[in-house]
Amino acid sequence: MISKEDIKNRMIQAVETVKRTNPMAGSITNSVTINFVANAQLAVGGSAAMVYLPDEGEFLAEAGGATYINVGTLLPIYEQTLPCTVKALYDAGKPWVLDPVAIGIGLLRTQLLRQFKEYKPNVIRGNASEIIALAGLWGLEGGTAQSNVRGVDSTDSVTDAEIAAVALAKWTGGAVAVSGKTDLITDGSIAAFSYGGSYFMEKITGSGCSLGGVVAVYATSASPFIAALTATAAYNLAASRAESKADGPGSFQIAFIDELYKATAADIANNPFEIKEV
């Protein structure tokens, strides 16, 4: 098993490379959180590009270093945009991050997420209920056919989702990040548990969506597992620091972006986490 020290060194390298190269990680994300996703990507050193048309999605697949796909507030055009974009990413061997927001709600969302199975996202990021539901939709171990997602909220614990997360990671050959009180990140052979965060993250919209966008930024410069763990650690660190300076959700969101921007590579790599074999 890879050592914790080696993981930290790879995280440092990922952060430093992003800050030095300013890679583009485009996004097709929900309309509620576009601004927050873009600002978070910029704060960690990436370059953002937000699109929704089919030809623009294909352009991202060719021109970007990685792409974030979020199935939140779907538009009818996404029935064309998302399949052609993920196919272009898969065919080009470009990394992409899937956020199966509100899985189980509506026929179009279900249809799109079912199609994505064959295009094997490099990182899947979601809450516990979304991860369990996606594994169920894809017929993998630990999944259930009935989604327990309540809108964008989870009704399952991160521990409940571990088997599904491992199964998804093994299927894709990438990584899965499950957000919760303690975050789980796995590549199917090892699991990392990342600590920190803030209760304010549940009081603002877009904390999970913007995390997915930041995972895509780091995916331009690191393996899926390191990208997901680095982004999660950066979020947990920035949220912890921002909470101590905030008077409420509004000031927290501003402080959070500031702390995300100020965090050094060593700060992020040293945010507490544990690893185990799975």
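The values are calculated or read from the model by the stated rules, or taken from the named source; none is laboratory data. Quick caveat, the model's predicted, so the values are computed rather than measured. Here Cβ is always computed from backbone atoms with ideal geometry, including for glycine, and neighbour counts include all displayed protein chains.
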Margin query: I'd like to verify a number: residues in region 15-29 that are surrounded by fewer than 22 Cβ atoms within 10 Å (Cβ to Cβ) and touching a strand residue (DSSP E or B) at 6+ places or on another chain (Cβ under 7 Å), how many?
Written below: 3
Notebook entry, point to check: Does LEU112 count as farther than 27 Å from ASN271 by Cα and buried (at least 19 other Cβ atoms within 10 Å of the Cβ)?
Noted result: yes
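Matching residues to (1) of a type in the set (Asp, Glu); (2) over 22 Å from ALA175 (Cβ atoms); (3) surrounded by fewer than 22 Cβ atoms within 10 Å (Cβ to Cβ); (4) at pLDDT below 95:
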| site | (1), (2), (3), (4) |
| --- | --- |
| VAL37 | no, no, no, no |
| VAL44 | no, no, no, no |
| SER47 | no, yes, yes, no |
| LEU60 | no, no, no, yes |
| CYS84 | no, yes, yes, no |
| TYR90 | no, no, yes, no |
| GLY104 | no, yes, yes, yes |
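What tally of residues in region 260-278 results from selecting those that are in contact with a helix residue (DSSP H, G or I) (Cβ under 9 Å, 6 or more places away or on another chain) and either closer than 14 Å to ASN9 by Cβ or assigned to a strand (DSSP E or B) (or both)?
To start, the set of residues in region 260-278 that are in contact with a helix residue (DSSP H, G or I) (Cβ under 9 Å, 6 or more places away or on another chain) comprises 260-275, 278.
Pick out the ones that are also either closer than 14 Å to ASN9 by Cβ or assigned to a strand (DSSP E or B) (or both) and you get 265-266, 268-270, 273-275.
Residues that pass the stated criteria total 8.
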Item checked: Cβ-Cβ under 6 Å pairs, at least 6 apart or on other chains, region 79-92 side in contact (Cβ under 8 Å) with a residue 60 or more places away in the chain and part of a helix (DSSP H, G or I), far side crowded, with 23+ Cβ neighbours inside 10 Å and of a type outside the set (Phe, Trp, Tyr) -> none
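Are any residues in region 154-189 of a type in the set (Asp, Glu) and in contact (Cβ under 8 Å) with a residue 40 or more places away in the chain, and if so, which ones? Give the steps one after another, and end with the answer.
In the first step, residues of region 154-189 are kept if they are of a type in the set (Asp, Glu); the result is 156, 160, 162, 183, 187.
Across region 154-189, the qualifying residues are GLU162, ASP183.
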Note to self: Just to be sure I understand the filter: pairs with C-beta atoms under 6 Å, separated by 6 or more residues or on different chains, first member in region 238-257 and more than 16 Å from SER210 (Cβ to Cβ), second member outside any helix (DSSP H, G or I) and among the charged types (D, E, K, R). Which pairs pass?
What the structure shows: none
Notebook entry, point to check: In region 210-236, which residues are closer than 18 Å to PHE273 by Cβ, part of a helix (DSSP H, G or I), touching a strand residue (DSSP E or B) at 6+ places or on another chain (Cβ under 9 Å) and not hydrophobic (A, V, I, L, M, F, W, C)?
Noted result: TYR218, PRO224, THR232, TYR235, ASN236
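State whether one or more residues within region 37-49 are over 18 Å from GLY206 (Cβ atoms) and of a type outside the set (D, E, K, R).
Start the filter on region 37-49 by keeping residues that are over 18 Å from GLY206 (Cβ atoms), which leaves 45, 47.
Filter again for of a type outside the set (D, E, K, R), leaving 45, 47.
Yes, that holds for at least one residue.
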Next item on the list: Could you check GLY72 against (1) closer than 13 Å to SER210 by Cα; (2) of a type outside the set (Ser, Thr, Tyr); (3) at pLDDT below 95; (4) part of a helix (DSSP H, G or I) and say which number it fails?
Entry: (4)
Notebook entry, point to check: Pairs, please: C-beta under 8 Å, at least 6 apart or cross-chain, first residue without any contact (Cβ under 8 Å) to a residue 60 or more places away in the chain and closer than 16 Å to GLU243 by Cα and in region 197-209, second surrounded by fewer than 20 Cβ atoms within 10 Å (Cβ to Cβ) and of a type in the set (S, T, N, Q)?
Noted result: GLY197/SER240; SER198/SER240
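Yes/no per residue for (1) under 15 Å from the mean Cα position of the chain (by Cα); (2) assigned to a helix (DSSP H, G or I); (3) basic (Lys, Arg):
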{"site": "LEU168", "(1), (2), (3)": "yes, yes, no"}
{"site": "ALA191", "(1), (2), (3)": "no, no, no"}
{"site": "GLY208", "(1), (2), (3)": "yes, yes, no"}
{"site": "ALA238", "(1), (2), (3)": "no, yes, no"}
